[in-house]
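*Asks:* My structure is below; once you've seen it, I'll send some questions.
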Amino acid sequence: MGHARIELRPGCLHVPGYLDREAQEALVADLRRIVEAAPFFTPRMPRTGRPFSVRMTNCGPLGWVSDAAGGYRYVATHPETGAPWPPMPALVLQAWRELAPAAAPAEACLVNHYLPQARMGLHRDEDEEDMTAPVVSLSLGDTAIFRIGGTGRRDPTFSIRLKSGDALVLGGQSRLAFHGVDRIVAGSSTLLAGWPPGGGRLNLTLRRVSRTESRP
DNA sequence: GAGTACCG
DNA sequence: TACG
């Protein structure tokens, strides 16, 4: 079955209700196993070491991490356990196939946990080598007030609500658009009542990192 | 500057 | 807006 695709700005697609409740619950169960193997860690700002309010982990061959000494980067292992990231669940691979059909396989799936008080400032995803592939985001749990602008820091912005099960695709002219999370609407979903502790919102961000050197 | 503090 |  198909879903409405709303183009919020060129290259930025909102797909409300992309995952039904059953798929959301199955994905949360997958994530619970992933977090057992790769616990949430607190990323820190480059240089200053200030902590993010969002906690993170990853699955797939590469994971996004940040700390004072190394800054933003992709690495193959968990920064605290040293173990390789767990594999991406089938539902995540399927979402990438459906929402980024022209792109090479995803290499990184960043898992963000937002407690109700957590926020994410305006930023661009620019740590990837391959900017031709879109960034795909899946929302689970409490609604996020999500802000999106243009490719320049001072470009006008607007906000939308990302609900549990929604997908968002940042590609084409929006691949380098500024975006962030203003706030979480506490208690807006029952999905995460059992896990993780504190409920809130889980966000999966799927990305291609390496340039594809497919020379057929 | 993917962060917070502090201003008017 | 200022600030690592």
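*Asks:* Can you tell me which residues in segment A:36-57 are open to solvent by less than 50 Å² (accessible area, probe 1.4 Å) and either among the charged types (D, E, K, R) or touching a residue at least 60 places away in the same chain (Cβ under 8 Å) (or both)?
*Replies:* Result: A:F40, A:F52, A:V54.
*Asks:* Looking only at segment A:168-194, which residues are without any contact (Cβ under 8 Å) to a residue 60 or more places away in the chain, in a loop (DSSP other than H, G, I, E, B) and more than 22 Å from A:L27 (Cα to Cα)?
*Replies:* Across segment A:168-194, the qualifying residues are A:L176, A:F178.
*Asks:* Which condition does A:K163 not pass, out of (1) closer than 30 Å to A:T212 by Cα; (2) touching a residue at least 12 places away in the same chain (Cβ under 8 Å); (3) surrounded by fewer than 24 Cβ atoms within 10 Å (Cβ to Cβ), if it passes all the others?
*Replies:* Every listed condition holds for A:K163 apart from (1).
*Asks:* Which condition number does A:Q24 fail, the rest of (1) loosely packed, with under 15 Cβ neighbours inside 10 Å; (2) more than 16 Å from DNA strand B (Cβ to nearest atom) being met?
*Replies:* (1)
*Asks:* Still on this structure, please answer the following. Please work out if A:G60 is open to solvent by less than 20 Å² (accessible area, probe 1.4 Å), within 26 Å of A:A167 (Cβ to Cβ) and either within 16 Å of DNA strand B (Cβ to nearest atom) or under 14 Å from the mean Cα position of the chain (by Cα) (or both).
*Replies:* Working: open to solvent by less than 20 Å² (accessible area, probe 1.4 Å): yes; within 26 Å of A:A167 (Cβ to Cβ): yes; either within 16 Å of DNA strand B (Cβ to nearest atom) or under 14 Å from the mean Cα position of the chain (by Cα) (or both): yes.
Yes; evaluated as a whole, the condition is true for this residue.
*Asks:* A further question on this structure: Those residues that are surrounded by fewer than 20 Cβ atoms within 10 Å (Cβ to Cβ), under 18 Å from the mean Cα position of the chain (by Cα) and hydroxyl-bearing (S, T, Y), I need them from segment A:166-216; list them, please.
*Replies:* A:S210 - this is the single residue of segment A:166-216 that is surrounded by fewer than 20 Cβ atoms within 10 Å (Cβ to Cβ), under 18 Å from the mean Cα position of the chain (by Cα) and hydroxyl-bearing (S, T, Y).
The values are calculated or read from the model by the stated rules, or taken from the named source; none is laboratory data. Quick caveat: nothing in here was measured; it's all calculated off a predicted structure. Counting neighbours? That spans all protein chains shown, and the Cβs are built from the backbone with ideal geometry, glycine included. All accessible areas refer to the heavy atoms of the entire protein, side chains included, with ligands and DNA or RNA removed. Shrake-Rupley method; radii C 1.70, N 1.55, O 1.52, S 1.80 Å.
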